[in-house]
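**Student:** One structure coming up, written as C-alpha cells, with questions to follow.
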Amino acid sequence: MSSVTAQSAKNLRNVLQFGKRECAPLLERELWFLILASLAIVIVAYQAPFRFELPLASPLGTPIDLPFVRGFYLGEHGQDGTYRWTRGRGALTLDGIGSGVPLRLTFRALAWRPPNKDAAHISVTMDGQELATYPGASDWKDYVVQIPAERNPDRLKLTLNSTTFRSKVDARKLGIAVGGFQIESPAVWAPTIPSPAQTLLVTLIAVGLYAVARQLRIGPRRAFWIALACLLLPAALIAVARPFYTAFAPNIIWLVALNYALALCAPFIAGGLFKRAGVQLSPQEAQWLWLLFLVGFNLRWIAELYPTANFGDSLFHLHRLDAVAAGEIVFSSSSGAIGFEQTIPYPPGLYLLLTPFTMLLQNHIALLGTFVSLIDSLAALLIYLMVRKATDRPRAAWLAMALDLLLPIAVLNFAWAIYANLFAQAAFLLALTLWIFQSRHSTRSLNIFLGFTFFVMSLSHVTAPMVLIGLYYSQFIPSIVEGTSNIMTARGARGDVGTALATVGGGVKYPSVGLVRVQVYSVPQWIEEGAKGLGREAWVYFALWTLVLAPFGYFLLQRTPRGRVLATLGWAGLAVGIFFALVGVILDVYVRYPLFLLPFVAMGSGVVLDALFRRGRLWALAACGLLALTAINSLLLWKFLL
C-alpha cells in the first residue's frame, strides 16, 4: 500500500513539475510586451480604409462567397455575369468589421417578375433594423444603402427581403437575383473601433506563437521577434482583406493550438523514431528540423483555407467521410471513365481513420485539412530520416525534406485537396521507412514490399485498378486507338457533357498527361503527343531539373554501403511513379498520379544538391539557383491555380 501511495505522490509531483515548466513562459516580460504589441497592431490595422467586394457565385465552380451568404440558391451564369437568386430572404454576414465609421453598401440586383405578377418590393435590414426600401427594377440596377456607425463591431448581418414568385422551370420560390456586394468606408477618414472578438483572437495567436517558439527551445527575445513578425500577416489581412480573414480567424486559433501540441510532442517523436533508427540529432539540428516541419505544416494548412482552393473536392471528400461514418466501410462509386456505367468498390482509406475524430471536431473540412497537412508533413520528416540514415549528411537530408515541401506538385496537392492520394503516399513512405530499418533486405522481402507498395497506391483513387480495364480495352497497346475509341463512344452515348470526348474523323480526341486534349489518329502520334505532355508536366510540376538529377542521386547512394538499400528502393519508387504518369496518358486522368514520384525525386535531388554544395562556391551557387527556380515554379503554379 505504501509503495502505491509513494508512486501516486511521485506521479503527482511529476505532473506539477511539468505544469510549472510549461507555465513558466507566462511570467516572462517578453510575452507581456508581445501582448501589448499585438493590441497596438490590431488597432492600427483597423484604421485602414475599409473596402470589400464580393461577386456572387464567382468563380462558378469554386465560389468565394459561400462563407458570407445565406438564403441564396446555387450560382447561375448569364450574359451579365454570375449571380444568385434569393429565397425571399438573403443574408450577408461579415465578422469583425468594427464600428464607429458609417459604411456604404452597394449591391447589384435584378427584380424581374413574370407579366402576371406584381412588381417586386425590396427592403434591407441590419439586425432587424430597417435601413432602406426600394421598388424592384426588372433590369439590373445598383442599389445603395447607408450602414450606420453604431453597429455590432463583431458581426454585421444585412438581410435582403423581397416578395417572391414561383419559377415555372423548376418550381423554386425566387426573390431577387443578386450579382454582388460592395461595402466601403467614406472618403473622409474617421477612427474605427476594432472588433473585441478579433482583438482577443489576435492576442491569443500571439500568446500561442510565443509558447510554440519557447517549446522549441528558442530564447525569449528571439521568440518575441518571431511571434511579432508572424503577427504582421493577420494584421495585414485585417487591413486589406478583413472579412476574408475574420471568416477563418477561429481556425487560426485551432492551428496555433495544433502547433503547440506538435512542438510539445516533438521530443517524444524524435526520441522514439530517430533513436530507433540509430540517428542522433544535435540540439540545434533537432530545433531547425522541427521548425522546418512546422513551417511546412502551417503553409499547407493555411493554403487550404483559401476559399477557391479546394471547395469542390472538399465537399466530395466530405461525402465520402459521411458514407464511412454511416457504416459503409467499402462504399461504391459510379464511374463512367471506363466507358460504361458500373459501380466500383472504393476503399475507405483515409476516411476510415478520420471517423472517430468527427465526434471531436464538427468542422469536417478543417478536420480533413488538418489530418492531411499533418500526414504530409510527417512524410517529409520520414524523408529527412531516410536520407540522414543513408548518407549521414544533415545537409542532404535538409535539402531532400525542403524539396518535398517546395516542389510545385506539392502545391498542386493542396490547391486541389487531393486527400486520398496524399494518404496513400504517406502510408507508402511509412511502409518504406519500416522496411528499411526493420527487414533484412532480402530479395523476397523486397518483392513483398514492392507488391505492398502497389496495393497501398491503389488506395489513392479508384482509377488505379481501372488501368487494367484500360489495357483490356486497348488490347495491350497494338490497337490502342480502337480501344480508346470504344471508350469515348460509350462516353458520348451517355451524353456526359463533363467528361465526354466525342469520336472525330476516324480518330479520337485524346489527352496527354494533364487536362490538355489533343487529337490523335495513330499509335505513333499518340506516343509523340504523350511524350510532349510528359515533358510539359515534368517542367510545370517538377521544375524538370529534379527529374533529371534524381537518378544521379541514387547513383551516388549506390556507391556507398549504407546508401545502397535506399538507392535500390529509390529506383523502384521512380519506376512506380513513372508507371502512374503513364496511367495519366492512357486513361485521361489528372496529373496528380505522378504525385508518388515526389518523395523519390526529392530524396535523389537532395543528395545531388548536397554534392554540389561540397564541390565549391560556383557549384553551390548553381545549387542555390536550382532551388530558386523551384520556388518560382511553385509560386507561379499557385498563382495560376487560384
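**Student:** Here are some conditions: (1) modelled with pLDDT under 75; (2) among the small types (G, A, S); (3) in a helix (DSSP H, G or I). A261 meets all but one. Which one does it not meet?
**Tutor:** Among (1) modelled with pLDDT under 75; (2) among the small types (G, A, S); (3) in a helix (DSSP H, G or I), A261 violates only (1).
**Student:** Among residues belonging to the stretch 110-143 that are in contact with a Lys or Arg (Cβ under 7 Å, 6 or more places away or on another chain) and under 15 Å from L158 (Cβ atoms), point out the one that is modelled with the lowest pLDDT.
**Tutor:** Selected residue: D127.
**Student:** From L131, L233, L237, which residue is in contact with a helix residue (DSSP H, G or I) (Cβ under 6 Å, 6 or more places away or on another chain), free of Cβ contacts under 8 Å to residues at least 60 places away in the same chain, among the hydrophobic types (A, V, I, L, M, F, W, C) and not in a loop (DSSP other than H, G, I, E, B)?
**Tutor:** Going through L131, L233, L237 in turn, just one is in contact with a helix residue (DSSP H, G or I) (Cβ under 6 Å, 6 or more places away or on another chain), free of Cβ contacts under 8 Å to residues at least 60 places away in the same chain, among the hydrophobic types (A, V, I, L, M, F, W, C) and not in a loop (DSSP other than H, G, I, E, B): L237.
**Student:** Just one of L231, L255 is in the same structural domain as L291 (by TED's automatic domain parsing), buried (at least 18 other Cβ atoms within 10 Å of the Cβ), closer than 22 Å to G296 by Cβ and under 18 Å from the mean Cα position of the chain (by Cα); which is it?
**Tutor:** L255
**Student:** Based on this model, can you work out whether V178 counts as among the hydrophobic types (A, V, I, L, M, F, W, C) and surrounded by fewer than 20 Cβ atoms within 10 Å (Cβ to Cβ)?
**Tutor:** no
**Student:** Scan the stretch 186-197 and tell me whether some residue there is in a helix (DSSP H, G or I) and under 17 Å from G98 (Cα atoms).
**Tutor:** yes
**Student:** Please verify whether E30 is among the acidic types (D, E), within 32 Å of the chain's Cα centre (by Cα) and either part of a helix (DSSP H, G or I) or modelled with pLDDT of 90 or more (or both), treating the condition exactly as stated.
**Tutor:** no
**Student:** Another question, then. Tell me, please, whether a residue that is assigned to a loop (DSSP other than H, G, I, E, B), surrounded by 18 or more Cβ atoms within 10 Å (Cβ to Cβ) and within 35 Å of the chain's Cα centre (by Cα) can be found in the stretch 75-96.
**Tutor:** Checked against the condition, which is being assigned to a loop (DSSP other than H, G, I, E, B), surrounded by 18 or more Cβ atoms within 10 Å (Cβ to Cβ) and within 35 Å of the chain's Cα centre (by Cα), the stretch 75-96 yields at least one hit.
**Student:** Every residue in the stretch 541-566 that is farther than 15 Å from L403 by Cα, touching a residue at least 60 places away in the same chain (Cβ under 8 Å), assigned to a helix (DSSP H, G or I) and not basic (K, R), please.
**Tutor:** L557, G563, V565, L566
**Student:** In the stretch 45-103, what residues are among the charged types (D, E, K, R) and either modelled with pLDDT of 90 or more or within 22 Å of K141 (Cα to Cα) (or both)?
**Tutor:** R51, E53, D65, R70, E76, D80, R84, R87, R89
**Student:** Another question about this same structure. Wholly within the stretch 291-409, which helices (runs of 4 or more DSSP H) include no fewer than the required count, namely at least 3 residues that are modelled with pLDDT of 80 or more and under 22 Å from Y541 (Cβ atoms)?
**Tutor:** 364-391, 394-406
**Student:** Another one. Restricting attention to the stretch 148-185, which residues are part of a strand (DSSP E or B) and among the charged types (D, E, K, R)?
**Tutor:** R155, K157, R166, K173, E184
**Student:** Given (1) in a helix (DSSP H, G or I); (2) surrounded by fewer than 21 Cβ atoms within 10 Å (Cβ to Cβ), where does A213 come up short, assuming only one miss?
**Tutor:** So A213 meets the others, but not (2).
The values are calculated or read from the model by the stated rules, or taken from the named source; none is laboratory data. Worth saying up front: this structure is predicted, and the values here are computed from it rather than measured. When we count neighbours, we look across all protein chains shown, and the Cβ atoms used for this are built from the backbone with ideal geometry, even at glycine.
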